[in-house]
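Below is one structure, written out as structure tokens; comments come after it.
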Amino acid sequence: MKALILAAGFGTRLRPYTNHTPKALFPVAGRPLLEKIIIQLVHAGCTAVMINTHHLHHKINAFIAARKYPLKVHTRYEPLILGTGGAIKNVADFWDSQPFMVINADIVFDIDLKKVYNTHCRDHPPVTLVLCDDPAFNSVSVNESRTITAFHSPAAGDPPPGNRLLTFTGIQVLEPEVLDYIPTATPYSSIEAFSRMVADGKQIRAFILPKNRWSDLGTPGRYRRAVLDKAVPEAFARCYRMLPDQPVRWEKLKGDGSERQWYRLKATDRSVIMVDHGIRQTSETQEVDAFVQIGRHLERQGVAVPKIHYQEPFCGLVFLEDLGDISLQQTVLAATRPDEILDLYKQVIRRLVDLSQKGVVDFDRRWAYQGPAYDQDLVLEKECRYFVEAFLIAYLGFDTRFEDLKQEFVRLARQALAHATIGFMHRDMQSRNIMVKDHSIYFIDFQGGRRGPIQYDLASLLIDPYVELPQPTQTLLLDYCLDQLSAKTAVEPEKFHSCYHYCTLTRNLQILGAFAYLSKIKGKLHFETHIPAAVKSLQHNLVIDGKKEFPALTEVVQRAYTHLQKP
């Protein structure tokens, strides 16, 4: 048996995702569709495969060249897409005298292809089409003897008497005589050829599948559904070493600042957390890649993060250990005694030192998707400019420009990096990204991690507007962190404090930019309630011993504070 896999199409219904990846290379259960089909053909006894290509053909060629299969796999480029029929005629030289199998590249199926082929070979009809019942696509009339009588549009209505409508799966076995019904070197539809054959009295047979054994992946929704159908059971199997014994229940969780969607998937008394980043937008490193690679690295290093059980990064899905619903913020706000809060933060700081020290060991800079390190360019663009454009201009309506403050921003950035104690930096170490389970601390949302100063993460933790720790408590915890760190590495207290001070300013600028953007642009108004606390914190930290090191920035922050006081 030889086979043709149809993989030339643009995948128009799957755009923009097919702009960077041909649909034949979309993965399901960790394997590209093209490879899954080739493997199924191998199991069916196929001896050679031809793949027609056009859109992003170089990527398909590269994929095939990098693989070794126990059969010959060829590709044939079509400068002009020839359609399903034209593609079949275009590889006529690849055919032999035996029946020929043709399969669409954008489907998943649980079908015994050998059985399909052998069934065709019992009677050798000109064509055998594999059909199934899918109301979204049913358009092929089939009579009681499983002979195809007509092809309709999906909205054609009821079939003729004695017929039922079914869906053509894109799997077919053809006799060489089909070539007589397809013109040479011109775009042509195989359905048009089959319709002409029916009109000529040729018998086209139907091989009918049971339900739920086939899916077309031609749209983002259908692709995601197919991935989830495989991924959810696999996640439970990896977590609990068994498949769910009941239907999985979905509970949507409240998100925070990002566009990702969070779910708790439950089956009996077992659960996993699924985070959905959305289907990959580009072929470059994405947030989901950083999430998986950094998360697995931190877990290997013994850092307190949730275990990643399974991932489908192309589809943007990651399945995690369920750490419950209690964050550090909730725990602090519910606490009744100051010493209780202090003890909790000391545990967090011990974990933070652990994260910084262990996380940087063998950390691969390529995992970071927003830059490999916390450097001057990042401070200026992602914190200082963000503060000016999102908070001062877009949120408050000020006419202040980044250039008006640039000289002070450059000095601030240099000072924030001057005496940094470099380790792994979480980048968003605030109380909603820290979970409390069974009296233990875990860090989540680590996908922004990179090399950087521990002082920045410590500043993020202590000036966090979500909890508003009193200044004396912040000072005490700053010294506690210095003590914990000094027990592990050489640290100069004065330089450590200096870097920490400037990191409180850069982090505060980032916070205000983010809160303004999320509330003003994204409509997440609950962030707006924390803006006054963040402005107050920035005011306090800009003035040290009565000195204003950054007078222009101090003045504009004072204006912002006054503006926010207006009724």
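No value in this document is a laboratory result; all are computed from the given coordinates. A quick note: this is a predicted structure, and the numbers were derived from the prediction, not measured. Here the Cβ positions follow ideal geometry from the backbone for every residue, glycine too, while neighbour counts run over all protein chains shown.
For a quick protection proxy, order the peptides 84-90, 376-382, 308-314, 361-367 by their average other-Cβ count within 10 Å, most packed first.
Ranking the peptides 84-90, 376-382, 308-314, 361-367 by packing returns 84-90, 308-314, 376-382, 361-367.
To the nearest µm²/s, what D does Stokes-Einstein give for region 78-197 at 20 °C and 1.002 mPa s, using the Kirkwood radius over alpha carbon pairs as Rh?
Taking Rh from Cα pairs, D becomes 141 µm²/s.
Using label points projected 7 Å from each Cα along Cα→Cβ, tell me how many nm separate SER258 and GLN407, to one decimal.
According to this spin-label approximation, the distance is 4.0 nm.
Under 15 Å from the Cβ of GLN203, count the other residues' Cβ atoms, weight Lys and Arg +1, Asp and Glu -1, and hand me the total.
0
Taking the Cα atoms only, what angle lies between the long axis of helix 338-359 and the longest principal axis of the chain, rounded to 10 degrees?
60
Please check which bits of region 77-91 a label hung off GLU192 would reach, taking the label as a point 7 Å along Cα-to-C-beta and the cut-off as backbone N under 20 Å.
78-91
For a test of the definition: using alpha carbon positions, the gyration tensor, and the 1.5 limit on a/c, classify region 220-320 as rounded, prolate or oblate.
oblate
Once the Cα atoms of region 292-365 are picked out, what are the Rg and Dmax in Å?
That works out to 15.3, 47 Å for Rg and Dmax.
Where does the charge balance sit around THR21 when Lys and Arg score +1, Asp and Glu -1, over other residues with C-beta under 9 Å from its C-beta?
Result for the neighbourhood of THR21: +3.
Taking a ≥ b ≥ c as the square roots of the eigenvalues of the Cα gyration tensor of region 378-466, is the shape rounded (a/c under 1.5), prolate (a/b larger than b/c) or oblate?
Because a/c hits 1.5 or more and a/b fails to exceed b/c, region 378-466 counts as oblate.
Between 0 and 90 degrees, rounded to the nearest ten: what's the tilt of helix 113-123 against the longest Cα principal axis of the chain?
Computed tilt is about 10 degrees.
Which residues does the label zone of ALA334 cover in region 260-296, counting backbone N under 15 Å from a point 7 Å along Cα→Cβ?
The answer is none.
Compute the distance in nm between two label points, each set 7 Å from the Cα along the Cα-to-Cβ direction, one at ALA418 and one at GLN347.
Spacing of the two 7 Å Cα→Cβ label points: 3.8 nm.
Mind ordering 266-276, 65-75 by average Cβ neighbours within 10 Å, highest first?
266-276, 65-75
When all C-alpha to C-alpha distances in region 337-565 are sorted into bins of 5 Å, what percent of pairs does each bin hold, rounded to whole numbers?
Computed distribution, short to long bins: 1, 7, 14, 19, 20, 18, 12, 6, 2, 0.
May I ask for the angle, rounded to the nearest 10°, between helix 493-520 and the longest principal axis of the chain, with both axes built from Cα atoms and the value confined to 0 to 90°?
So the inclination is approximately 50 degrees.
Considering the alpha-carbon set of region 1-141 alone, what are its Rg and its Dmax in angstrom?
Answer for region 1-141, Rg first and Dmax second: 15.0, 44 Å.
Farthest toward the dipole's positive end in the chain, which of TYR310, LEU352, VAL73, given Cβ charges of +1 (Lys, Arg) and -1 (Asp, Glu) about the Cα centre?
Going by the Cα projections, it comes out as VAL73.
Beta carbons within 10 angstrom, averaged per residue: use that to sort the peptides 242-254, 192-204, highest first.
The packing order, highest mean first, is 192-204, 242-254.
List the aspartates and glutamates whose Cα lies under 13 Å from the Cα of LYS252, skipping any in the same chain that are fewer than 8 positions away.
ASP276, ASP325
If the limit is 26 Å between Cα atoms, which of LYS406/LYS520; LYS382/LYS522; LYS36/LYS72; LYS406/LYS536; LYS346/LYS548; LYS254/LYS437 go over it?
Exceeds cut-off: LYS346/LYS548.
Grab the other residues whose beta carbon is less than 12 angstrom from that of MET435, score K and R as +1, D and E as -1, and report the net.
In short, -2.
Could you work out the Kirkwood radius for the chain, taking every pair of different alpha carbons, averaging 1/r and inverting it, reported in Å?
Hydrodynamic radius (Kirkwood, Cα only) of the chain equals 27.5 Å.
Percentage of Cα-Cα pair distances in region 327-396 greater than 13 Å, rounded to whole percent?
That fraction is 77 percent.
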